[in-house]
1. Can you tell me which residue within the stretch 103-132, out of those that are closer than 17 Å to PRO491 by Cβ and in contact with a His (Cβ under 9 Å, 6 or more places away or on another chain), is nearest to ligand 2 (Cβ to nearest atom)?
2. Name the residue that is nearest to ARG379 (Cα to Cα), counting only residues in the stretch 355-365 that are open to solvent by less than 20 Å² (accessible area, probe 1.4 Å) and either in contact (Cβ under 8 Å) with a residue 12 or more places away in the chain or in a strand (DSSP E or B) (or both).
3. Spot the failing condition for ALA208; the list is (1) modelled with pLDDT of 95 or more; (2) under 28 Å from GLU117 (Cα atoms), and only one is missed.
4. Which one of these is farther than 23 Å from GLU207 by Cα and either assigned by TED's automatic domain parsing to the domain that holds ARG164 or in contact with a Cys (Cβ under 9 Å, 6 or more places away or on another chain) (or both): PRO47, PRO89?
5. With the structure loaded, tell me whether PRO219 is in contact with a strand residue (DSSP E or B) (Cβ under 7 Å, 6 or more places away or on another chain) and in the same structural domain as LEU118 (by TED's automatic domain parsing) or whether it fails that test.
6. Mind listing whichever residues of the stretch 249-265 are within 16 Å of ligand 3 (Cβ to nearest atom) and open to solvent by less than 10 Å² (accessible area, probe 1.4 Å)?
7. Tell me whether the stretch 429-449 contains one or more residues that are part of a loop (DSSP other than H, G, I, E, B), within 16 Å of ligand 2 (Cβ to nearest atom) and at pLDDT 95 or above.
8. Among the listed residues LEU437, LEU455, which satisfies the condition of being within 16 Å of ligand 1 (Cβ to nearest atom) and surrounded by fewer than 23 Cβ atoms within 10 Å (Cβ to Cβ)?
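The values are calculated or read from the model by the stated rules, or taken from the named source; none is laboratory data. All values reported here derive from a predicted model rather than from experimental measurement. Please note: Cβ atoms are built from the backbone with ideal geometry, for glycine as well, and neighbour counts cover all protein chains shown. For accessibility, only protein heavy atoms count, side chains too; no ligands or nucleic acids. Shrake-Rupley method; radii C 1.70, N 1.55, O 1.52, S 1.80 Å.
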Amino acid sequence: MSGLSRHRLLVGAALGAGVLGLGIPLTVGVSGSSSTGTLLRSRRALPAPFTRRLTVPPVLRPTSVTDGERYDVVQRVGQADILDGVSTPIWGYNGIFPRPTLRTRRGRPVTVTHRNELPVPTVVHLHGGHTPAAHDGYPTDFLLPEAMRDHRGHHAGAVTVRHRQYEYPMNQPAATLWYHDHRMDFTGPGVWRGLAGFHLITDDEEEALPLPSGPRDLPLMIADRAFDRDGSLLYPSVSDDLLDTPGVTPPYQAGVLGDVILVNGQPWPVTDVDGARYRLRLLNASNARRYRLRLDPPPPGGGTLVQIASDGGLLPAPITHDHIDLAPAERMDVIVDFSRWAPGQRVTLINEFGDDRTGLVMRFRVGDRASDDTRIPERLAGDYPTLLRSDATVTRSMVFQSQDVNGTHRWLINGEPYHPDHIHARPRLGSTEIWQLVGDLHHPVHLHLSHFQVLARGTGEPRPTDHGWKDTLDLLPGELAEIIIPFADYPGTYVFHCHNLEHEDMMMMGNFSVT
Ligand code: C2O
Ligand code: CU
Ligand code: CU
């Protein structure tokens with residue numbers, strides 16, 4: 001029946017009736033129950049944890065600030081210092097990894113001009129941006145390298161240019177966003193090689209809050225990778241040049257999991273912190289790995305991670321967690337008060353979903369108590385409407401599931417593979433919809449353009465980490481989740497997709513067209 005019979009069928013959770021109703025067999029392996037994917041092992045000795053220093057990506061300077069802000073970015077091959085004794089070739093924005101951070105401000109339009117000196121076309125997407133369709137980084141809106149004459153990918157209607165100015169209105173609240181490659185069929189290898197960075201938006205409301213800032217506002221990009229003997233990045237793509245045949249080789253089709261955990265591009269780094277409050281902006285930039293993050297040891301009394309923001313910006317009020325689950329592409333901003341540990345204490349950020357080395361993320365060395373005039377206010381976002389079921393006029397259901405098509409493994413939405421011309425949904429501009437999402441395995445479901453709120457999980461309440469404005473939902477195997485989405489900002493065609501990047505590249509993406 002299946003050309004992929006060597007894959008294990010290892011789905012622990014019972015499937016919802018919607019999935020069983022389709023009668024599609026599950027044929028892809030899952031390693032463990034916490035991430036959907038297969039571990040790719042490095043071919044060199046793993047670096048020792050907590051020996052490398054945490055670095056913070058540099059903030060990109062605007063080239064002009066009249067008429068909004070302008071930035072210039074060149075995408076090129078660079079050499080990154082990740083492992084001792086060798087350098088690692090990466091694809092970087094400005095050739096560096098970690099990639100530069102954009103810090104911008106609500107109400108000040110931003111133009112980012114990208115030039116591409118990589119050997120492949122690219123697409124830049126601002127993840128979490130409320131962006132007009134022409135600037136959102138549609139998967140076939142290619143930015144061509146100078147040397148490449150033409151490229152259509154798989155789509156005759158592809159739009160190709162050599163310089164692309166992405167215009168972002170920045171009509172959205174303070175939030176931790178990120179930008180990354182989004183080329184049709186090749187997003188997984190593009191991001192794996194380094195094409196991802198932070199884009200942090202601030203606004204007056206956030207600045208008026210007594211939150212940690214400056215060096216105590218730490219963006220932390222968590223991403224797993226695997227390395228070859230010579231220190232280069234390993235990735236099991238079908239094609240070497242990443243130009244024609246998309247996808248990864250078996251047994252990695254369910255997702256590529258690396259055995260080295262990088263934070264801001266450094267393996268298991270260590271950093272010194274004052275005994276004071278910090279804002280940690282946690283981003284899971286991994287292709288497929290999910291994390292359950294916890295600080296170890298916990299301080300007396302627990303309640304270690306005080307979440308203040310979600311994907312789309314500040315929560316209405318802080319939420320205290322002892323651990324948080326973070327699926328690919330999700331962000332959570334948490335406040336950690338390091339004065340709760342004794343000076344000299346080593347506090348390790350651990351991943352309870354990992355084992356052995358992948359169970360470690362990074363380490364903080366707590367210093368002396370330092371002066372700190374920050375607080376965690378009881379109210380954060382002043383303007384936070386809670387959406388109600390009755391606000392929605394349309395309900396749709398979206399099933400995320402794998403299928404073998406003529407012996408080829410594909411990931412589908414409602415039985416359809418991604419095609420630029422196939423529209424899965426046509427919401428009306430200004431309307432609000434409920435989408436019921438269900439999947440066979442873990443599928444971090446991401447919508448472009450609009451942030452949403454989570455209404456329900458299974459038959460119960462949203463999970464503690466589901467609150468706030470979300471753009472990515474950690475959909476669990478067989479569990480129905482309901483989200484409510486206002487399609488408010490712009491008309492046009494946008495994608496929604498699974499943010500397990502191997503699933504995305506192997507067709508688990510759809511279009512919605514706002515009219
Ligand atoms: Cu993070 Cu469609 O992207
Ligand atoms: Cu996005
Ligand atoms: Cu998926």
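1. Of everything passing the filter in the stretch 103-132, GLY129 is nearest to ligand 2 (Cβ to nearest atom).
2. For the stretch 355-365, the residue satisfying everything is PHE364.
3. (2)
4. On the way: PRO47 fails: either assigned by TED's automatic domain parsing to the domain that holds ARG164 or in contact with a Cys (Cβ under 9 Å, 6 or more places away or on another chain) (or both).
PRO89 is the lone residue from the list that is farther than 23 Å from GLU207 by Cα and either assigned by TED's automatic domain parsing to the domain that holds ARG164 or in contact with a Cys (Cβ under 9 Å, 6 or more places away or on another chain) (or both).
5. Criteria not met by PRO219.
6. ALA254, GLY255, VAL256, LEU257 - these are the residues of the stretch 249-265 that are within 16 Å of ligand 3 (Cβ to nearest atom) and open to solvent by less than 10 Å² (accessible area, probe 1.4 Å).
7. Going through the stretch 429-449, the residues part of a loop (DSSP other than H, G, I, E, B) turn out to be 429-431, 440-442, 448-449.
From what is left, the residues that are within 16 Å of ligand 2 (Cβ to nearest atom) are 448-449.
Of the ones still in play, those that are also at pLDDT 95 or above are 448-449.
Checking the stretch 429-449: at least one residue is part of a loop (DSSP other than H, G, I, E, B), within 16 Å of ligand 2 (Cβ to nearest atom) and at pLDDT 95 or above.
8. Values: LEU455 fails: within 16 Å of ligand 1 (Cβ to nearest atom).
Being within 16 Å of ligand 1 (Cβ to nearest atom) and surrounded by fewer than 23 Cβ atoms within 10 Å (Cβ to Cβ) holds for just one of LEU437, LEU455, which is LEU437.
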